[in-house]
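The values are calculated or read from the model by the stated rules, or taken from the named source; none is laboratory data. Predicted, not measured: the structure shown is a model, and the values here were computed from it. Cβ placement follows ideal geometry from the backbone for every residue including glycine, while neighbour counts extend to all protein chains displayed.
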Amino acid sequence: MNSAIRGLWLLVTAFLLLSQHGYAAEKGLFWQMESPDGKISYLFGTMHTDDNRVTEFSPTVIQALKNADTFMLEVADAPPASLLQLPQGNLKQYLTEAELDQIARLADIHVMPMDMALKMKPWLLAVLFDLPKPQTPFAQDLLLKAKAEELDKRVLGLESPQEHFGVMDNLTTEEQLQMLRAVLKRSQKQKERDFEQLMKAYLAGDAEQVANMDDAMTRGVIPDALWQRMRIKLLDERNVLMAARSLEQAKQGRVFIAVGAAHLAGKNGLIQAFRQAGFKLTPLKK
């Protein structure tokens, strides 16, 4: 996989963590799940970052991974470049010279070739540019995937690359540009401050706090009406799909599911979906 695309693949999913409205839920980001017939699986809420505060896994997490037959993460396969790009043309036809200068500066920060940035879907570029500067090409969930492969586990995606990277393709080009322009107005200091607040909530193991914080931050960047439409696509519809696919595997055997922490909580979250299916959930220390 091209390193720039690989970097985008792991970083773009961070925006999908910014996608959950608060709903009462037990505190916890790592769960043991016992099926009605006694099969043990695991649910692990991830933060899509390469920050070393979340990429050093505890013995409990590694042992759970060893116990599983199958490892599932949001998307298992790298996307083709066409899934990341505008259908035709490039951003030069939509942005001012000042905005293009900002694109060039941020592309340099995120180690992305300028020609690649100019061809990218505006919403994907907005996601990437709203993150702190990456330090490595390996986010928490991809490190877990590498460990699962090392342990010779079967690896499956909860979504196909098309489902995952095409999630916002229903937005018009102008709506996507609205997102991108909002991100271009934010300073790197603001982005790093927000990231640290999210990291603090994640390290505290509080999915609901992460969710509420994310919701407030996203509302502060884009118009509320647009965010409400995005939220249905980013969270509600994806949760239904991911719950169905993970439950199907967990009913057949032992599964370790690694998914963005915001997908755990809420009435449509994976914790609730497994409980409704008759699984007994016990929080574990991650």
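You will find that of Ala25, Ala64, the residue that is on the phi < 0 side of the Ramachandran plot, at pLDDT below 90 and either buried (at least 16 other Cβ atoms within 10 Å of the Cβ) or out of contact with any Lys or Arg (no Cβ under 9 Å at 6 or more places or on another chain) (or both) is Ala25 and no other.
So for region 187-194 (the condition being surrounded by 19 or more Cβ atoms within 10 Å (Cβ to Cβ) and either hydrophobic (A, V, I, L, M, F, W, C) or over 16 Å from Thr49 (Cα atoms) (or both)), does at least one residue qualify?
Step one: of region 187-194, the residues surrounded by 19 or more Cβ atoms within 10 Å (Cβ to Cβ) are 194.
Next, from what is left, pick out any that are either hydrophobic (A, V, I, L, M, F, W, C) or over 16 Å from Thr49 (Cα atoms) (or both): none.
Checked against the condition, which is being surrounded by 19 or more Cβ atoms within 10 Å (Cβ to Cβ) and either hydrophobic (A, V, I, L, M, F, W, C) or over 16 Å from Thr49 (Cα atoms) (or both), region 187-194 yields no hits at all.
Specify which of the listed residues (Gln102, Gln85, Gln176, Gln140) is more than 30 Å from Leu247 (Cα to Cα), polar (S, T, N, Q) and touching a strand residue (DSSP E or B) at 6+ places or on another chain (Cβ under 8 Å). Step through it out loud before you land on a result.
Numbers: Gln102 fails: touching a strand residue (DSSP E or B) at 6+ places or on another chain (Cβ under 8 Å); Gln176 fails: touching a strand residue (DSSP E or B) at 6+ places or on another chain (Cβ under 8 Å); Gln140 fails: more than 30 Å from Leu247 (Cα to Cα).
From the options Gln102, Gln85, Gln176, Gln140, the qualifying one is Gln85.
Of note, Leu10 does not satisfy the criterion of being modelled with pLDDT under 95, crowded, with 20+ Cβ neighbours inside 10 Å and touching a Gly at 6+ places or on another chain (Cβ under 6 Å). Can Ser35 be described as touching a residue at least 40 places away in the same chain (Cβ under 8 Å), surrounded by 20 or more Cβ atoms within 10 Å (Cβ to Cβ) and out of contact with any His (no Cβ under 9 Å at 6 or more places or on another chain)? Here the answer is yes, as Ser35 does meet what is asked. Of the residues in region 169-177, none is among the aliphatic types (A, V, I, L, M), at pLDDT 95 or above and in a loop (DSSP other than H, G, I, E, B). Taken residue by residue, region 120-135 has at least one member that is loosely packed, with under 13 Cβ neighbours inside 10 Å and under 17 Å from Leu184 (Cα atoms).
Table: residues versus (1) surrounded by 15 or more Cβ atoms within 10 Å (Cβ to Cβ); (2) over 30 Å from Asp37 (Cβ atoms); (3) under 19 Å from the mean Cα position of the chain (by Cα).
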site: Gln176; (1), (2), (3): yes, yes, yes
site: Tyr202; (1), (2), (3): yes, yes, yes
site: Asp206; (1), (2), (3): yes, yes, yes
site: Glu237; (1), (2), (3): no, no, yes
site: Val255; (1), (2), (3): yes, no, no
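For region 74-118, the candidate set comprises residues that are surrounded by fewer than 17 Cβ atoms within 10 Å (Cβ to Cβ) and of a type in the set (S, T, N, Q); within that set, the residue that is nearest to Arg181 (Cα to Cα) is Thr96. When Met242, Met217, Met213 are checked against the criterion of being in a helix (DSSP H, G or I), modelled with pLDDT of 95 or more and either within 19 Å of the chain's Cα centre (by Cα) or surrounded by fewer than 15 Cβ atoms within 10 Å (Cβ to Cβ) (or both), a single residue qualifies: Met242. Out of (1) under 19 Å from the mean Cα position of the chain (by Cα); (2) modelled with pLDDT of 90 or more; (3) surrounded by 14 or more Cβ atoms within 10 Å (Cβ to Cβ), the odd one out for Lys286 is which? Only one criterion in (1) under 19 Å from the mean Cα position of the chain (by Cα); (2) modelled with pLDDT of 90 or more; (3) surrounded by 14 or more Cβ atoms within 10 Å (Cβ to Cβ) is unmet by Lys286, namely (2). Would you say Ala258 is within 29 Å of Leu171 (Cβ to Cβ), in contact with a helix residue (DSSP H, G or I) (Cβ under 6 Å, 6 or more places away or on another chain) and either touching a residue at least 60 places away in the same chain (Cβ under 8 Å) or not in a helix (DSSP H, G or I) (or both)? The answer is yes for Ala258.
Among the residues of region 136-164, the one identified as surrounded by 20 or more Cβ atoms within 10 Å (Cβ to Cβ) and modelled with pLDDT under 90 is Ala139.
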